[in-house]
2 protein chains.
Amino acid sequence: MNEYKEYSDIYRGGASILIAGVLLNGKTVDIFISADGKIEDLSENTRTVHRSDAEFIIDASGKIALPGLVNTHTHAAMTLLRGYADDMHLHEWLTEKIWPLEAHLTGEDVYWGTKLACLEMIKSGTVAFNDMYFFMEDAARAVDETGMKAVLSHGFIDFGNEEKRDSEIASTKKLISYIKSMNNPRIKGAVGPHAPYTVSKDALEWCSAYSEEEDIKLHIHLSETEKEVNDCINEHAMRPAELLDKCNCLSSRTIAAHCCWLDEKECRILGKKGVHVSHNPASNMKLAVNRAMPYQWLKDAGANVTLGTDGCSSNNNLDLSEEMKTAALLQKFYWNSDTLLPAGETLAMATSAGKKALGFGNGRIEQGEAADIILIDRNCACMTPLHNPVSNVVYSCNGNAVNTVICDGRVLMSEREVPGEEEILSRAEMVAESLVGRAKEE
Amino acid sequence: MNEYKEYSDIYRGGASILIAGVLLNGKTVDIFISADGKIEDLSENTRTVHRSDAEFIIDASGKIALPGLVNTHTHAAMTLLRGYADDMHLHEWLTEKIWPLEAHLTGEDVYWGTKLACLEMIKSGTVAFNDMYFFMEDAARAVDETGMKAVLSHGFIDFGNEEKRDSEIASTKKLISYIKSMNNPRIKGAVGPHAPYTVSKDALEWCSAYSEEEDIKLHIHLSETEKEVNDCINEHAMRPAELLDKCNCLSSRTIAAHCCWLDEKECRILGKKGVHVSHNPASNMKLAVNRAMPYQWLKDAGANVTLGTDGCSSNNNLDLSEEMKTAALLQKFYWNSDTLLPAGETLAMATSAGKKALGFGNGRIEQGEAADIILIDRNCACMTPLHNPVSNVVYSCNGNAVNTVICDGRVLMSEREVPGEEEILSRAEMVAESLVGRAKEE
């Protein structure tokens, strides 16, 4: 125990921890986390048994334990573009602002952008995320240092160009090989065909085969806008989910983001194939896609519906707690039902469903599971009164109510302190300014 | 200066304050607040001039100054019901949950509920609000103690019953008389006819005449649901705004909440009469009203559109910063326009437009105006990078980014500390539990 007696050592990991006196599902319990990061014991009298074993004791009286949140669709490094361009028409936004900036992006930018994103996610209670962008080896380095869990994919776009396809295949293989070499069980590679309208059928088929061969996830955008659905019907005489199905892209390895414009038949296909859907309500509202993901149809069809923030240039934050509220509100509003997507289901979307989608366990706080736990302050206005903790978490609080974040037994935030925060903020600010400067010089 | 040298004295008010080195509209300035709570000077070299005059100096380097936020529609004491009943059908929610609980409400409950609401509003940057509920003298006492600004009205409901009408008139007059006796320029009384469907035409006419006679605001719910619009047409052969106009209830003294189902003609009437509209997007989404307030029509008609959270039982918080994002997102989504309600207009809704509606000045940080100023931390993830501070405030940050709140020159929160927070949380918790207990005993 001596090695860990300094408080700052709690961030190192590899130590056993007793979370003492925490409120979990309405009961006050102690949670004992073993040095290998698993929940070893969880009961109303763990404290007596494990008090002397624990290298650290976290006094969690007045705190509520929840599973760590899971963000199933984002482009982490785009956090560098937060607030760079808003309130614009989609086409101008992309062609005049986002693409010209992204043309100057470097690996160093992606590294610091991902670090900033991880910092923001940790500070709002997220322990795992599903990312798609460029320079993903640099993103992987950043994630590795933060201690979070992530599924990382290179955004694969070929627009039917064979040369581009070959280079995207090479980039994808390089990333997967790099991630294997890291040998970090918290970081997984995935294949990331961007969307049915940016990736050729041949490439979609390659992605699907590669995902199966490597047994890795396939991360794709699906039916975000009405236009892409209509274009797909015009070009392929079928709807986007049918096209993906034809290219073997739909399976339990698939995580499909957005899914706003799916029809009922497509929802049934997704359910049958065991696809995981990432609902991204704030992004969908901001970009005015004008239809909310059909939650009830997907649920009825047995698809696993999860939650994601999308990237910061279309949200503009990564606070999954805020996203839970937006999801629960948007479903009710758009589908005209005041009982649709209640608080408990929303929290499950952001925790257990997300974990299942990314293949990181069942996302529950129970014996034998990875210790991915967040502690929420009970003693604040958003938690007062405490008629219903889950309702307060979903509807009343935001990510700032999170006090402590533990991932695989390693403390990533304690009393809202994340090691290295100052440096990440200042370096991310610098690379963002420099990136905008380089784009302006043209 | 001696009397105020203790840091805790900063909460007392009545002292001059220099806010040094704060970012305001892209420039670093100093703001000098005189002991009477007005902004006396504001420039890039105030510091040199006023450094020796100031009784307190707030080092605001790394902070952004904004006008204090204004919540133009809430039922503050309903914060006691936060999370008590969610995800229910409106009718069951009201008849099985809310009304049975409210039947047991006491003045003491409303006092602590309002204190809790004020605490939450201060902690998220709100300095002024427009409230409608019961036991409003107790609410007035609570507001007086917190130092906030408020317009307070007794919720007037007669359902066409003459006896009830007389008692509501008496309650309204009693409140107005009580508030006059307080002689607090920050607290104003208003008349609060609940809605066109709960208040008779005779009573609406009385409210309108009384509002004119006393020169006080008239606070009303208008066209929240489609059903009430259809009922009004069936009963009165006219739409709700036309009915209100006929009863002389529409003027520049009027603050109309919700306004989701107005048609274009009604928007023109509201604009012509100088009515202030309170947009309540989170509540409208949660209660599945299925239509968003027609912002563009109201704007075109010249109505003053402001922002409100509604009560905590239908939101479930009072964070106006979160509400700004919800407003900007909902308008874009529902009205299918990615450029509608941009960040700057949204911030103006929540500040200057709100102040104008409540009659508390112009809501801007300029010489001669009341010092209602909030300071936002620039050094946090939601503000990094700082491509666009206004975009970050509206889309990225929530109320927790607010570090300091000043209302009429009095510091209500400094470094996120509000005097008396612990007592308010524990007392509010106790009265909420007791209230639920009494309702269960029946």
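The values are calculated or read from the model by the stated rules, or taken from the named source; none is laboratory data. Keep in mind it's a predicted model, so treat the numbers as computed, not measured. Cβ: placed from backbone, ideal geometry, glycine included. Neighbour counts: every protein chain shown. With ligands, DNA and RNA removed, areas are computed over all heavy atoms of the protein, side chains included. Shrake-Rupley method; radii C 1.70, N 1.55, O 1.52, S 1.80 Å.
Quick check on segment B:240-263: of everything there that is under 19 Å from B:Gly302 (Cβ atoms) and open to solvent by 20 Å² or more (accessible area, probe 1.4 Å), which residue is nearest to the chain's Cα centre (by Cα)?
Top of the filtered list is B:Arg253.
Would you call A:Asn290 modelled with pLDDT under 95 and open to solvent by 10 Å² or more (accessible area, probe 1.4 Å)? Before the answer, list the steps.
On the way: modelled with pLDDT under 95: yes; open to solvent by 10 Å² or more (accessible area, probe 1.4 Å): yes.
Here the answer is yes, as A:Asn290 does meet what is asked.
Could you please let me know if A:His221 is surrounded by fewer than 24 Cβ atoms within 10 Å (Cβ to Cβ) and not aromatic (Phe, Trp, Tyr)?
On the way: surrounded by fewer than 24 Cβ atoms within 10 Å (Cβ to Cβ): no; not aromatic (Phe, Trp, Tyr): yes.
When the stated conditions are applied, A:His221 does not pass them.
Of all residues in segment A:343-382, how many are facing chain B (nearest Cβ under 10 Å), under 24 Å from B:Ala288 (Cα atoms) and surrounded by 18 or more Cβ atoms within 10 Å (Cβ to Cβ)?
So the count comes out to 4.
If I ask for residues that are of a type in the set (A, V, I, L, M, F, W, C), more than 21 Å from A:Asn398 (Cα to Cα) and open to solvent by less than 10 Å² (accessible area, probe 1.4 Å), which ones from segment A:125-138 would you list? Steps first, please.
Just the residues of segment A:125-138 that are of a type in the set (A, V, I, L, M, F, W, C), to begin with: A:127-129, A:132, A:134-136.
From what's left, more than 21 Å from A:Asn398 (Cα to Cα): A:132, A:134-136.
Within segment A:125-138, A:Met132, A:Met136 meet the criteria.
Quick check on my filter: what residues within segment B:196-216 are of a type in the set (A, V, I, L, M) and free of Cβ contacts under 8 Å to residues at least 40 places away in the same chain?
Residues of segment B:196-216 of a type in the set (A, V, I, L, M): B:199, B:203-204, B:209, B:216.
Once the filter is applied, which keeps residues that are of a type in the set (A, V, I, L, M) and free of Cβ contacts under 8 Å to residues at least 40 places away in the same chain, segment B:196-216 yields only B:Ala209.
Given the condition of a type outside the set (Val, Ile, Thr), open to solvent by 60 Å² or more (accessible area, probe 1.4 Å) and touching a strand residue (DSSP E or B) at 6+ places or on another chain (Cβ under 9 Å), answer yes or no: does some residue in segment B:165-177 qualify? Can you show your working first?
Let us first name the residues in segment B:165-177 that are of a type outside the set (Val, Ile, Thr), namely B:165-168, B:170-171, B:173-175, B:177.
Pick out the ones that are also open to solvent by 60 Å² or more (accessible area, probe 1.4 Å) and you get B:166, B:173-174, B:177.
Within this subset, residues satisfying the condition of being touching a strand residue (DSSP E or B) at 6+ places or on another chain (Cβ under 9 Å) are B:174, B:177.
Yes, segment B:165-177 has at least one match.
From A:Asn392, A:Asn398, which residue is in contact (Cβ under 8 Å) with a residue 12 or more places away in the chain, assigned by TED's automatic domain parsing to the domain that holds A:Val22 and of a type outside the set (A, V, I, L, M, F, W, C)?
Numbers: A:Asn392 fails: in contact (Cβ under 8 Å) with a residue 12 or more places away in the chain.
After ruling out the rest, the residue left standing is A:Asn398.
If A:Ile122 satisfies every condition in (1) more than 14 Å from every other protein chain (Cβ to nearest Cβ); (2) open to solvent by less than 10 Å² (accessible area, probe 1.4 Å); (3) not hydroxyl-bearing (Ser, Thr, Tyr) but one, which is the exception?
(1)
Among the residues of segment B:378-417, which ones are part of a strand (DSSP E or B) and closer than 19 Å to A:Gly83 by Cα? Spell out how you get there, then give the answer.
Step one: list which residues in segment B:378-417 are part of a strand (DSSP E or B), which gives B:402-407, B:410-414, B:417.
Within segment B:378-417, B:Val402 is the sole residue that qualifies.
Open to solvent by less than 40 Å² (accessible area, probe 1.4 Å), at pLDDT 95 or above, facing chain A (nearest Cβ under 8 Å) and not in a helix (DSSP H, G or I), is that true of B:Asn284? Write out each step before concluding.
Working: open to solvent by less than 40 Å² (accessible area, probe 1.4 Å): yes; at pLDDT 95 or above: yes; facing chain A (nearest Cβ under 8 Å): yes; not in a helix (DSSP H, G or I): no.
Answer is no for this residue.
Residue by residue, here is whether (1) touching a Phe, Trp or Tyr at 6+ places or on another chain (Cβ under 9 Å); (2) closer than 30 Å to A:Ala257 by Cβ holds:
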| position | (1), (2) |
| --- | --- |
| A:Ile19 | yes, no |
| A:Gly26 | no, no |
| A:Val29 | no, no |
| A:Leu42 | yes, no |
| A:Leu66 | no, yes |
| A:Val70 | yes, yes |
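May I ask you to verify whether A:Thr72 is open to solvent by less than 20 Å² (accessible area, probe 1.4 Å), β-branched (Val, Ile, Thr) and within 14 Å of another protein chain (Cβ to nearest Cβ)?
Considered against the rule, which asks whether it is open to solvent by less than 20 Å² (accessible area, probe 1.4 Å), β-branched (Val, Ile, Thr) and within 14 Å of another protein chain (Cβ to nearest Cβ), A:Thr72 comes out as no.
With the requirement that a residue be more than 27 Å from B:Lys355 (Cβ to Cβ) and either hydroxyl-bearing (Ser, Thr, Tyr) or touching a strand residue (DSSP E or B) at 6+ places or on another chain (Cβ under 6 Å) (or both), what does segment B:86-144 give you?
B:Thr95, B:Thr106, listed by residue number.
Would you confirm, using the coordinates I've provided, whether B:Val22 is without any contact (Cβ under 8 Å) to a residue 24 or more places away in the chain and either among the aliphatic types (A, V, I, L, M) or open to solvent by 50 Å² or more (accessible area, probe 1.4 Å) (or both)? So that I can check it myself, show each step before the final result.
Values: without any contact (Cβ under 8 Å) to a residue 24 or more places away in the chain: no; either among the aliphatic types (A, V, I, L, M) or open to solvent by 50 Å² or more (accessible area, probe 1.4 Å) (or both): yes.
The answer is no for B:Val22.
Run down B:Leu116, B:Leu94, B:Leu105 and say which single residue is crowded, with 18+ Cβ neighbours inside 10 Å and closer than 26 Å to B:Ser200 by Cα.
On the way: B:Leu116 fails: closer than 26 Å to B:Ser200 by Cα; B:Leu94 fails: crowded, with 18+ Cβ neighbours inside 10 Å.
On inspection, the qualifying residue turns out to be B:Leu105.
Would you check which residues across segment B:224-271 are touching a strand residue (DSSP E or B) at 6+ places or on another chain (Cβ under 9 Å) and aliphatic (A, V, I, L, M) and list them?
The answer is B:Ala241, B:Leu244, B:Leu250, B:Ile255, B:Ala256, B:Ala257, B:Leu262, B:Leu270.
For the structure I just gave you, tell me whether A:Arg239 is away from every other protein chain (no Cβ under 14 Å) and in contact with a Cys (Cβ under 7 Å, 6 or more places away or on another chain).
On the way: away from every other protein chain (no Cβ under 14 Å): yes; in contact with a Cys (Cβ under 7 Å, 6 or more places away or on another chain): yes.
Yes: the conditions hold for A:Arg239.
From the set of residues in segment B:294-342 that are among the aliphatic types (A, V, I, L, M) and in contact with a Ser or Thr (Cβ under 9 Å, 6 or more places away or on another chain), which is nearest to the other protein chains (Cβ to nearest Cβ)? Even if it seems obvious, please write down each step before you answer.
Here is the first cut: in segment B:294-342, the ones among the aliphatic types (A, V, I, L, M) are B:298, B:301, B:303, B:305, B:307, B:318, B:320, B:324, B:327-330, B:340-341.
Filter once more, so that each one left must be in contact with a Ser or Thr (Cβ under 9 Å, 6 or more places away or on another chain): B:305, B:307, B:318, B:320, B:324, B:327-329.
Values: B:Val305: 16, B:Leu307: 16, B:Leu318: 8, B:Leu320: 13, B:Met324: 12, B:Ala327: 11, B:Ala328: 8, B:Leu329: 4 Å.
Here the answer is B:Leu329.
With B:Leu101, B:Leu80 as the choices, which residue is within 14 Å of chain A (Cβ to nearest Cβ), in contact with a Pro (Cβ under 7 Å, 6 or more places away or on another chain) and farther than 22 Å from B:Ile10 by Cα?
On the way: B:Leu101 fails: in contact with a Pro (Cβ under 7 Å, 6 or more places away or on another chain).
That would be B:Leu80, the only listed residue that is within 14 Å of chain A (Cβ to nearest Cβ), in contact with a Pro (Cβ under 7 Å, 6 or more places away or on another chain) and farther than 22 Å from B:Ile10 by Cα.
Answer with yes or no whether A:Cys267 is of a type in the set (A, V, I, L, M, F, W, C) and within 14 Å of another protein chain (Cβ to nearest Cβ).
Details: of a type in the set (A, V, I, L, M, F, W, C): yes; within 14 Å of another protein chain (Cβ to nearest Cβ): no.
No; evaluated as a whole, the condition is false for this residue.
Please state which one of B:Arg268, B:Arg291 is in the same structural domain as B:Ala150 (by TED's automatic domain parsing), part of a loop (DSSP other than H, G, I, E, B), of a type in the set (D, E, K, R) and more than 21 Å from the chain's Cα centre (by Cα).
Details: B:Arg268 fails: part of a loop (DSSP other than H, G, I, E, B).
Only one candidate passes the filter, namely B:Arg291.
Checking the condition away from chain A (no Cβ under 14 Å) and out of contact with any Phe, Trp or Tyr (no Cβ under 8 Å at 6 or more places or on another chain), which residue from B:Asp131, B:Asp138 passes?
Numbers: B:Asp138 fails: out of contact with any Phe, Trp or Tyr (no Cβ under 8 Å at 6 or more places or on another chain).
Criteria check complete, one pass: B:Asp131.
Is at least one residue of segment A:350-371 touching a His at 6+ places or on another chain (Cβ under 9 Å), farther than 23 Å from A:Asp36 by Cα and not small (Gly, Ala, Ser)? Outline the logic, then answer.
Of segment A:350-371, the ones touching a His at 6+ places or on another chain (Cβ under 9 Å) are A:353-354, A:356-358.
Then keep just the ones that are farther than 23 Å from A:Asp36 by Cα; that gives A:353, A:357.
Now narrow it down to the ones that are not small (Gly, Ala, Ser): none.
No, segment A:350-371 has no match at all.
Could you grab me the full set of residues in segment A:27-53 that are surrounded by fewer than 17 Cβ atoms within 10 Å (Cβ to Cβ) and modelled with pLDDT under 90?
Matches in segment A:27-53: A:Ser43, A:Glu44, A:Asn45, A:Thr48, A:Val49, A:Arg51, A:Ser52, A:Asp53.
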